[in-house]
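What follows is a single structure, written as structure tokens, with notes after it.
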Amino acid sequence: MDAVWIFVVVVLIGFAGWLVIRAWRARHGWIKWPGSVLSGIVTLLLLTVLVLGLLPIPPNVAPVPTPGLAGAQGPTPATFQPTDTQHNLIIHPGESIQAVIDRAIPGDTLVVMPGVYHEALKVNVVNLTLLGQPDANGQWPILDGQGQMDTAVLATANFFTVEQFQIRNYTGNGVKTDNIYGAYYHNLFITNPGQYGVFPVQNTHVVIQNVKVSGAKDAGIYVGQSRDVLVEFSEASHNNGGIEIESCVNSEVLNNDVHDNTLGILVWNSPEEDVFAKEGRNTKVINNRVENNNSATIATEEFLQSIPPGIGILVFMTGPTEVARNTISGNDSAGVGVAQASIIFNDTSKFTVPLIPEQTWLHDNQYANNGNHPAGFIVQAHFPGADILWDVSSWDNRFDDRGVKTFPPLVPTSAWPDLFKRSLFQVYQFLK
């Protein structure tokens with residue numbers, strides 16, 4: 001397709017050049033001078049588009065290429081098969097959940113009766129389910145860390161399910177699943193969990209459904225270094241970050257309510273040294289409500305502190321990413337931001353991941369009242385607030401949302417041929 005457009009532009013250059021000659025040879029001065037000048041300008045513009053569009057663009061590679069795959073490490077386990085020895089183990093208030101976990105066998109379901117449990121649970125049993133039993137009023141059992149315990153539930157064995165719990169007042173995390181295949185989070189209500197509400201890291205096949213988190217100092221719903229991820233029908237509010245997808249492959253963030261956080265949704269590849277995965281791609285952020293994410297930061301981590309309040313969705317040094325059919329409103333800095341590493345990090349020379357967001361596609365989103373009070377690096381970079389804010393750091397993004405406030409004012413769409421996208425990119429690099 002690019003070759004076709006190159007041919008078309010070359011033909012147009014030839015035709016415009018012929019018009020220059022014809023106009024110059026005209027007998028009438030009112031045709032000769034205006035015709036020559038106009039045809040000459042058109043010829044120069046077409047030549048500029050052709051030359052700029054054919055100039056090489058450096059590949060988006062990590063400054064220090066380093067291997068590291070997302071997902072659980074180690075051999076893929078066989079899907080667990082139920083056996084006749086599986087049990088439902090009932091736990092009542094005053095009894096120890098951990099004691100029952102310690103004697104459970106693969107395939108058991110621990111049914112926790114309504115009440116308050118002050119425990120920090122560790123699960124290392126394959127195919128274990130922690131199931132809260134609601135009381136007559138529909139209230140789920142409560143795990144309460146009393147502001148002293150680190151993580152409510154830490155699971156390190158494959159095929160783990162946690163469902164129907166209230167979790168509150170921990171210093172580290174609500175529920176963490178570490179390096180496992182099959183992590184299933186359902187129907188959780190989490191407040192003041194510490195850093196993260198739910199925290200699957202280096203997992204393969206993650207499902208997070210109907211989870212509500214508030215008060216997390218990092219992200220309410222976080223998925224890191226994982227593969228095949230689904231986050232849906234959940235709510236994140238009054239956290240530093242609402243939903244964070246970090247260094248993940250094949251993620252879907254669907255039908256969530258993300259509001260009143262510092263930052264709404266973050267999709268990025270982390271350059272941090274302790275992050276094993278050096279890849280992140282194929283994220284879909286679709287049909288979410290992302291509103292009023294303007295709260296003052298409560299983050300304790302430097303990177304998050306550097307992100308200003310008021311960004312609805314931030315696509316940062318990752319891709320491909322699709323952002324579609326979301327309602328994005330009332331975010332003071334920007335509705336959607338698409339940016340490279342250097343907008344936040346001063347020195348990227350030792351980063352082990354690519355620096356630029358590639359193949360971001362925005363379409364069919366609805367925007368209202370975004371970018372009215374920009375802050376932080378947006379103001380420092382002399383960018384205005386906008387519905388869509390792009391730092392012109394890559395050429396192959398597509399911005400198909402129409403009738404919205406964008407910066408820069410001219411952004412490429414799916415209708416543009418690659419030749420024109422690359423040409424515009426080169427112009428912006430010259431103007432930066």
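Numbers at a glance
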quantity	calculated
Exposure proxy order (Cβ contacts within 10 Å, fewest to most) of Tyr428, Tyr185	Tyr428, Tyr185
Leu121 long-range amide H proximity, modeled H, under 5 Å	Val153, Leu154
For Glu252, residues with placed amide H under 5 Å, excluding near neighbours	Val229, Leu230, Val231, Lys284
Helix 29-54 axis, angle to the chain major axis (alpha carbon atoms, nearest 10°)	30
Derived scalar couplings ³J(HN,Hα) [the stretch 150-163; Karplus, 6.51 cos²θ - 1.76 cosθ + 1.60; whole Hz; x for Gly, Pro]	7, 10, 5, 9, 10, 10, 10, 10, 5, 6, 10, 10, 10, 8
Taking Ser234, Ser349, Ser394, Ser329 and counting other C-beta atoms within 10 Å, the order from fewest to most	Ser349, Ser329, Ser394, Ser234
From phi via Karplus (6.51, -1.76, 1.60), per-residue ³J(HN,Hα) for the stretch 361-367 in Hz, x at Gly/Pro	10, 9, 7, 6, 8, 10, 10
Ile167 long-range amide H proximity, modeled H, under 5 Å	Leu143, Phe189, Ile190, Thr191
The stretch 258-318 versus the stretch 370-388: alpha-carbon centroid distance in Å	16
Karplus (6.51, -1.76, 1.60) ³J(HN,Hα), θ = phi - 60°, over the stretch 296-312, in Hz, Gly and Pro reported as x	4, 5, 10, 5, 9, 9, 4, 4, 5, 5, 7, 8, x, x, x, 9, x
Sum of side-chain charges, Asp150 neighbourhood, beta-carbon under 12 Å (Lys, Arg +1; Asp, Glu -1)	+1
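Readers should treat all values here as calculations from the given coordinates under stated rules, not as data from a laboratory. Since we're looking at a predicted model, the values are computed, not measured. Cβ coordinates were reconstructed from backbone atoms using ideal geometry, including for glycine residues, and neighbour counts include every protein chain displayed.
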